[in-house]
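> Let me give you the structure first, and then I'll get to my questions.
The values are calculated or read from the model by the stated rules, or taken from the named source; none is laboratory data. Here the structure is a predicted model, which is why all the values come from computation and not from measurement. Don't worry about glycine lacking a Cβ; one is built from the backbone with ideal geometry, like all the others, and counts go over all protein chains shown.
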Amino acid sequence: MYAELFTAWKREKNSEAVQPLSNDFFKKISEYLSTLKESRSNEKKESNMDSANRREIDYVEFMFSDLLKMRARKIVLLSLKDSVEAPPDLIEIEVGLINSLREHLKEYREQCAQTQTTFEASAEKTHLGKVHTTTSTQEVSSLMLLRILQPIPKLVGVDLDEYGPFQPEDIVSLPRENALVLIARGAASEVKP
């Protein structure tokens, strides 16, 4: 079994593609490792045989762990591709993993697309000569239209949204409380519709 694991590990290490394994490969390696550990516990801890057995266990554990990591890395990369079918060299549990990853990635893309659409829909224009707009009637009633008279750095409004930075002659809508402060400082004047 050691030779079979070593061969599989070496093939996987030397290839960019997932290498074929039997569906019961992981189970066989797990049983082999259990047998090694059991035989070690039955031997004297001071013997040379125990030392050789311990090294074999260490090598098997390393190769098995490394093999799983290499395959997982390749599976993650495969899941990013939009091909419908999983490669034939995946074992049954890995096919389930790649399908699950693809579903999660699809959901992730959809949520990102929704967030982007929502962000774009609610983005407020704050550039020179453009009017800062909102869509909610409740928000509109609590906003004031201002003409900026002095440069104003980015600020956080009482509604916890970020506004600015603003340059002189920008026309913007800000929450009433923030607008009144800027007017009082002489940094902005109210624009009457």
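> Could you give me the residue pairs with C-beta distances under 8 Å whose first residue belongs to the stretch 150-178 and is touching a residue at least 12 places away in the same chain (Cβ under 8 Å), whose second residue is of a type in the set (Lys, Arg) and outside any loop (DSSP other than H, G, I, E, B) wherever it lies, and which are 6+ apart or on separate chains?
GLU169/ARG147; ASP170/ARG147; ILE171/ARG147
> So, one more: Only one residue in SER142, SER173 is among the hydroxyl-bearing types (Ser, Thr, Tyr), more than 30 Å from ARG71 (Cα to Cα), more than 36 Å from the chain's Cα centre (by Cα) and modelled with pLDDT of 60 or more. Which one?
One residue alone meets the criteria, SER142.
> Looking only at the stretch 1-27, how many residues end up being in contact (Cβ under 8 Å) with a residue 60 or more places away in the chain and assigned to a loop (DSSP other than H, G, I, E, B)?
7
> Within the stretch 167-193, track down each residue that is within 17 Å of PRO153 (Cα to Cα), touching a Lys or Arg at 6+ places or on another chain (Cβ under 6 Å) and not polar (S, T, N, Q).
ILE171
> For the stretch 153-193: of the residues being of a type in the set (Val, Ile, Thr) and more than 12 Å from SER142 (Cα to Cα), which is surrounded by the fewest Cβ atoms within 10 Å (Cβ to Cβ)?
Checked the stretch 153-193; the qualifying residue surrounded by the fewest Cβ atoms within 10 Å (Cβ to Cβ) is VAL156.
> With respect to SER30, determine if the residue is in a helix (DSSP H, G or I), in the same structural domain as LEU101 (by TED's automatic domain parsing) and modelled with pLDDT under 85.
When the stated conditions are applied, SER30 does not pass them.
> In addition: Please give the number of the condition GLU46 fails out of (1) part of a helix (DSSP H, G or I); (2) modelled with pLDDT under 80.
The failed condition is (1).
> Is it the case that some residue within the stretch 89-108 is modelled with pLDDT under 70 and either among the aromatic types (Phe, Trp, Tyr) or not in a helix (DSSP H, G or I) (or both)?
No, the stretch 89-108 contains no residue that is modelled with pLDDT under 70 and either among the aromatic types (Phe, Trp, Tyr) or not in a helix (DSSP H, G or I) (or both).
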